[in-house]
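Read the structure below first, then the notes.
The values are calculated or read from the model by the stated rules, or taken from the named source; none is laboratory data. All figures in this text were calculated on a predicted structure; none of them were measured in a lab. Cβ placement follows ideal geometry from the backbone for every residue including glycine, while neighbour counts extend to all protein chains displayed.
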Amino acid sequence: MELSWGRRRGLATACGLLRDGSDRRFGFYLLGAVFGLCVLASFGLRAYAAHSSDCLPNVNLLDDHGRPFSPASLHGKVVLVSFVHTTCPDMCDLLVDKFAELARKLGPKLGSQVVLLSVSNDPETDKPAEMLEMARKHHADMRGWVFATGSKQAVEEFLRCYGLGIKRDADGEPEHIMQVFLVGPDGREVRQYWGVAEKTQKIVDDINRLLAHRRAKADNASARP
């Protein structure tokens, strides 16, 4: 989603206040206002429509250690997908911090039932080493959290599954992708969130509902004669 200059400036100011702790309450208010404007601007558009295509395609990406990685390998698990870039000084850091909080709340479900997937939307800059540095900087729990990048063509192919693409602003900087995507075990998108503005517990509750639905479906199947 493209941000106007004014919204980018407001977002940067809010992120700075949250990061340095100088006025966290005002930072949260300002962040909420910026996201509110974005929601109003996008209401009714594609950003709110779940995509019916497979959102875990067989695309040749690389994980944070440079090993081949395909999102298709995550079928059968609940996946939470975000797009970040390592040169981002504000919102991406907050988004990765939110994923770190989610990882803590998920506990043993992380890796065994749920995977967090952070993919670079600036693959020309972000190589596996940069993604690994980002993961280590935020003390990411790598048991069930993948930081991925790849060729520009491969990343664009993956982004298209979510109705997105690689875009840059007038200064040549990567545009922020503010949406976070919840994907079910069948690879279908279930829900979208507005990144750092969403409450962590709300996302955890949605994940737990998905897992409970999957268990109930499996129990019903096994109970059939």
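Per-structure values
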{"read-out": "Only listed residue being part of a loop (DSSP other than H, G, I, E, B), in the same structural domain as residue 105 (by TED's automatic domain parsing) and at pLDDT 90 or above, chosen from 203, 166", "value": "166"}
{"read-out": "Filter pass, residue 143 being part of a helix (DSSP H, G or I), among the basic types (Lys, Arg) and assigned by TED's automatic domain parsing to the domain that holds residue 113", "value": "no"}
{"read-out": "Single unsatisfied condition, residue 199 versus (1) under 15 Å from the mean Cα position of the chain (by Cα); (2) closer than 24 Å to residue 77 by Cα; (3) surrounded by 14 or more Cβ atoms within 10 Å (Cβ to Cβ); (4) of a type outside the set (Phe, Trp, Tyr)", "value": "(3)"}
{"read-out": "Filter pass, residue 149 being closer than 16 Å to residue 62 by Cβ and touching a Leu at 6+ places or on another chain (Cβ under 7 Å)", "value": "yes"}
{"read-out": "Total residues in segment 74-108, condition in a helix (DSSP H, G or I) and in contact with a Leu (Cβ under 7 Å, 6 or more places away or on another chain)", "value": "6"}
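Here's the yes/no breakdown for (1) small (Gly, Ala, Ser); (2) outside the structural domain of residue 208 (by TED's automatic domain parsing); (3) surrounded by fewer than 18 Cβ atoms within 10 Å (Cβ to Cβ); (4) at pLDDT 95 or above:
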{"residue": "54", "(1), (2), (3), (4)": "no, no, yes, no"}
{"residue": "84", "(1), (2), (3), (4)": "no, no, no, yes"}
{"residue": "91", "(1), (2), (3), (4)": "no, no, no, no"}
{"residue": "127", "(1), (2), (3), (4)": "no, no, yes, yes"}
{"residue": "148", "(1), (2), (3), (4)": "yes, no, no, yes"}
{"residue": "153", "(1), (2), (3), (4)": "no, no, yes, yes"}
{"residue": "156", "(1), (2), (3), (4)": "no, no, yes, yes"}
